[in-house]
1. Could you list, ordered by first residue, the pairs with Cβ atoms under 8 Å in which the first is in the stretch 129-143 and closer than 14 Å to Gln171 by Cβ and the second is open to solvent by less than 70 Å² (accessible area, probe 1.4 Å) and assigned to a loop (DSSP other than H, G, I, E, B), at least 6 apart or interchain?
2. Of these, Leu92, Leu150, Leu154, which one is in contact with a Leu (Cβ under 6 Å, 6 or more places away or on another chain), in contact (Cβ under 8 Å) with a residue 24 or more places away in the chain and surrounded by fewer than 16 Cβ atoms within 10 Å (Cβ to Cβ)?
3. Output the residues belonging to the stretch 9-23 that are at pLDDT below 70 and acidic (Asp, Glu).
4. So, of the residues in the stretch 168-187 that are aliphatic (A, V, I, L, M) and in contact with a Leu (Cβ under 8 Å, 6 or more places away or on another chain), which turns out to be nearest to Gly86 (Cα to Cα)?
5. If Asp203 satisfies every condition in (1) open to solvent by less than 30 Å² (accessible area, probe 1.4 Å); (2) on the phi < 0 side of the Ramachandran plot but one, which is the exception?
6. Could you go through the stretch 248-257 and let me know if any residue there is open to solvent by 60 Å² or more (accessible area, probe 1.4 Å), more than 17 Å from Arg191 (Cα to Cα) and out of contact with any Leu (no Cβ under 7 Å at 6 or more places or on another chain).
Amino acid sequence: VAYAALALREPGRRTDLMRLAESTGALAGLGCRPWTWRRDSARAIGEERPPRSGPPPSPAKAPRAGETTRHTLAEPEPTLTMTCLGDFQLRLDGRPVDLSRIRPVAQTVLRILAVHAGTTVHREIVVTALWGDLREGAALHNVHVAISSLRQLLGTLVPGRARTLLARTGQAYALAPSGPPLTDLQAIDARLAQATRCRLAGDRTGHVDALREVLDGYVADVLPADGSAEWVLPTRERYRQTVAEAATTLADVELRRGRFDAAVHAATGGVRIDPWRDATWRVLIAAHDAAGAPAAASRARQEYAAMLESLGVASVATPNRTAAGAPRPAPTVAAKAARPPGVRTA
């Protein structure tokens, strides 16, 4: 409103000020279009209008005592988000939605669709996960009932958008098949794709920033409360491996840039996510060495050796540092076994 008022007083800056008014309103979620609040909208944004022919328009009535003027503003669309990393939550404009209004089995269907948001899920996957012991007709009936329940819930949260948010394509269903990301998993995917684009374009800063956002966004495994349910295990492991690899890449890049503390932070996060990834341990040890923290490096070596021992794998030598400052990867156990007898390597 203030920017729009300034635009009236300063016609020379009208364009910039009105852009500020619109962008600020959009940021606040107001759908702000202050130049539409007056009948004479052209004059409200500082434009000249041609002279009118005929009698002048009658003045607007002043409001009576106790009355207030009404301005028509575009209502911002409610924002729906879902959290799959850690405890599952459905949020409307940032506020948690009480899911107790739908049956637990419908909640499970919602979680199955949420971990695959943006892509289709064949109904047989839902049937196998929840009603594999029922006859086909009864199982499909249960699927239809659960989907109907979810659409009713979505219809109360975002009126008019239930069927676009939960769409059916043939014998498959898709949650949010189009539009902005709905779940935190989709946000992770978007950041990974951005990291790849930046790397291919040679944008080092963008590459590092995107990888850091991936690591910061991975606050927990995918739906740990669902335990070892077969429908969630592949997705959980895929994100664990993907984010751990991103953490290792980030740590290695930071180490090569001489940002040793950042490298330690990224590698520590990678070890937390996947403690069985050799490359992450090696970068972590090298980063501690480069940062001049021999005690921390020694502790990391001991933890790495304990991990290998728990797997029944002989400990390998920790990496030496190359002249460029990057860790030299130690040979893997498989590579050692493949060497011909009597052949020595440097």
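The values are calculated or read from the model by the stated rules, or taken from the named source; none is laboratory data. Keep in mind that this is a model prediction, so the values were computed, not measured. Ideal geometry is used to build each Cβ from the backbone, glycine not excepted, and the neighbour counts take in all protein chains shown. To get the accessible areas, we keep the full protein, side chains included, count just its heavy atoms, and leave off ligands, DNA and RNA. Shrake-Rupley method; radii C 1.70, N 1.55, O 1.52, S 1.80 Å.
1. Ala139/Trp131; Ala139/Gly132; Val143/Trp131
2. Just one listed residue meets the conditions, Leu92.
3. The answer is Asp16, and nothing else.
4. Ranking the qualifying residues of the stretch 168-187, first place goes to Leu185.
5. The single condition Asp203 does not satisfy is (1).
6. yes
Yes/no matrix, rows are residues, columns are (1) outside any loop (DSSP other than H, G, I, E, B); (2) over 26 Å from the mean Cα position of the chain (by Cα); (3) at pLDDT 95 or above:
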{"site": "Thr68", "(1), (2), (3)": "no, yes, no"}
{"site": "His71", "(1), (2), (3)": "no, yes, no"}
{"site": "Pro76", "(1), (2), (3)": "no, no, no"}
{"site": "Ser100", "(1), (2), (3)": "yes, no, no"}
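One line per residue, one yes/no per condition, for (1) without any contact (Cβ under 8 Å) to a residue 60 or more places away in the chain; (2) out of contact with any helix residue (DSSP H, G or I) (no Cβ under 7 Å at 6 or more places or on another chain); (3) more than 19 Å from Trp276 (Cα to Cα):
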{"position": "Arg197", "(1), (2), (3)": "yes, yes, yes"}
{"position": "Leu211", "(1), (2), (3)": "yes, no, yes"}
{"position": "Leu223", "(1), (2), (3)": "no, no, yes"}
{"position": "Ser228", "(1), (2), (3)": "yes, yes, yes"}
